[in-house]
Amino acid sequence: MRPIEDIQLVRPATLTDAALLLAEEGSRLVAGGTDLLPNMRRGIADPAVLIDLTGVAGIGAIEPHHGQWRFGAGVTLATIERHAQIARELPALAQAAGAVAGPAHRSAATLAGNLCQDTRCVYYNQSEWWRRSNGWCLKLKGDTCHVAPHGKRCHAAYQGDVAAALLAYGAEVEIVGVEKVFRRPLAELYHDDGAAHLTLGANEVVAAVHVPAGQAGRVSGFRKARTRSGMDFPLASVALALRLEGGVLAELSVGISGTNSHPLKLDGTYALLGRPVDDAALATLGKLVAKQVTPMRSTFTASNHRRLVASATAQRLLRELAAGAA
Ligand SMILES: Cc1cc2nc3c(=O)[nH]c(=O)nc-3n(C[C@H](O)[C@H](O)[C@H](O)COP(=O)(O)OP(=O)(O)OC[C@H]3O[C@@H](n4cnc5c(N)ncnc54)[C@H](O)[C@@H]3O)c2cc1C
Ligand code: SF4
């Protein structure tokens, strides 16, 4: 780790000003800094100007908005975790926020920072001398991926917990650019590429996240499998939102994080609708998950183990939530 020196810190009053500042080469947004600052100290990121959004009015607010909840980009994870109404209406979100890192991190870490955090890899989240002595890698300064040496892309894993819950709830992100403000489904914030996993334009800023408010009859939850239960990135994080009608599944939505270069909204859950949550349904869910997660050798844990963990975590969560809802 190296010291951080000679940084200019600017604090714009509006998100449009932030977008304008972002257009300048060498500038970067900073929120809680819990992802960016360690990466700067490892020489992975090297911005000359940091754009701090804490001066933007309402950036840290949670408010009801036309039948949805609007979470400002700068809401801290501790605020989400401790918000009593969110815990009742959107329990998977509160649980996911509370599963990130440790309490001190969560008091500084923000929602947008969590969604936009860099992907991770055992060959990348290392000190500069370690990476240099390994010939760097395709993601930064090198030309070979040590995980898949014959491939042309980076397989670093996206390990943000909160996106899994937001995908299960069908959240949208609000984005501010220099000339426009627009919304897009959260899934479209990401590419399947560990070296460039965000679809944000060079001068676009995440302004807020919109989540449909809690619905009658819907139950939801989040589970994170990790090696160290005290504090660790996920082997797999899974969130489910479902509704049972007459003992069978009427709605099911699944978000998964930690296994691919982007958080994943599980496809094909319609195959489970109209079915009771029995062993056959759990087997179907397990197969859907195993087919769509693509863990690679970018973490210390074997790829197939992470695939099995993701499937089992989803199956357990579905069984528990369905039993609670019945
Ligand atoms: C020891 C340790 C353990 C951790 N464990 C976990 C974990 O278990 N789960 C997990 O999910 N994360 C974990 N993290 C990663 C990180 O702490 C969290 O993801 C945190 O939520 C990042 O938020 P932040 O506000 O600190 O982001 P920052 O570090 O400030 O920013 C992260 C990235 O987001 C960009 N960004 C910030 N705001 C915006 C915006 N409004 N629009 C567009 N881009 C923006 C920044 O430019 C930067 O690239 C851990 C980190 C550490 C150091
Ligand atoms: S997956 Fe490959 S290219 Fe990406 S960070 Fe790891 S070693 Fe580098």
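Here are the numbers for this structure:
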item: Protein accessible area in segment 121-256, 1.4 Å probe - carbon and sulfur %; result: 51
item: Under the Karplus curve 6.51 cos²θ - 1.76 cosθ + 1.60, θ = phi - 60°, whole-Hz ³J(HN,Hα) for segment 265-272, x wherever Gly or Pro sits; result: 9, 5, 8, x, 5, 4, 4, 9
item: Environment charge of LYS141, counting only residues whose C-beta is closer than 12 Å and scoring Lys/Arg +1, Asp/Glu -1; result: 0
item: Solvent-accessible surface (1.4 angstrom probe) belonging to MET296, in square angstrom, nearest 10; result: 60
item: ALA326-GLU188 pseudo-label distance in nm [points 7 Å out on the Cα-to-Cβ vector]; result: 3.9
item: Helix-only [θ]222 nm of the chain, DSSP H runs n ≥ 4, -39500 (n - 2.57) each, per residue, nearest 500; result: -8000 deg cm²/dmol
item: Solvent-accessible area per residue, Å², over the chain with all protein chains present [probe radius 1.4 Å]; result: 45
item: Interchain or long-range residues, amide H under 5 Å from HIS262's placed H; result: TYR158
item: Expected-Rg normalisation [2.2 N^0.38 Å, Cα atoms] applied to the chain; result: 0.99
item: Cut-off 12 Å (backbone N to label point 7 Å along Cα→Cβ of ARG82), residues of segment 104-118; result: 104, 106-108
item: 0 to 90° range, to nearest 10: angle between helix 279-292 axis and the chain longest Cα axis; result: 20
item: Per-pair calculated FRET efficiency, R0 = 25 Å: ALA250 and ALA283 via Cβ, rounded to 0.05; result: 0.80
item: With Cα atoms, 0 to 90° folded angle of helix 303-325 axis to the chain main axis; result: 50
item: Restraint check, LYS141/LYS180; LYS139/LYS291; LYS180/LYS291; LYS180/LYS287, Cα-Cα greater than 31 Å; result: LYS141/LYS180; LYS180/LYS291; LYS180/LYS287
item: Sequence of GLU204, GLU25 from largest to smallest accessible area, 1.4 Å probe; result: GLU25, GLU204
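The values are calculated or read from the model by the stated rules, or taken from the named source; none is laboratory data. Here the structure is a predicted model, which means the values were calculated and not measured. Positions of Cβ are generated from backbone atoms using ideal geometry, with glycine treated the same way; all protein chains shown enter the neighbour counts. What goes into the accessible areas is simple: the full protein's heavy atoms, side chains included, and nothing from ligands, DNA or RNA. Shrake-Rupley method; radii C 1.70, N 1.55, O 1.52, S 1.80 Å.
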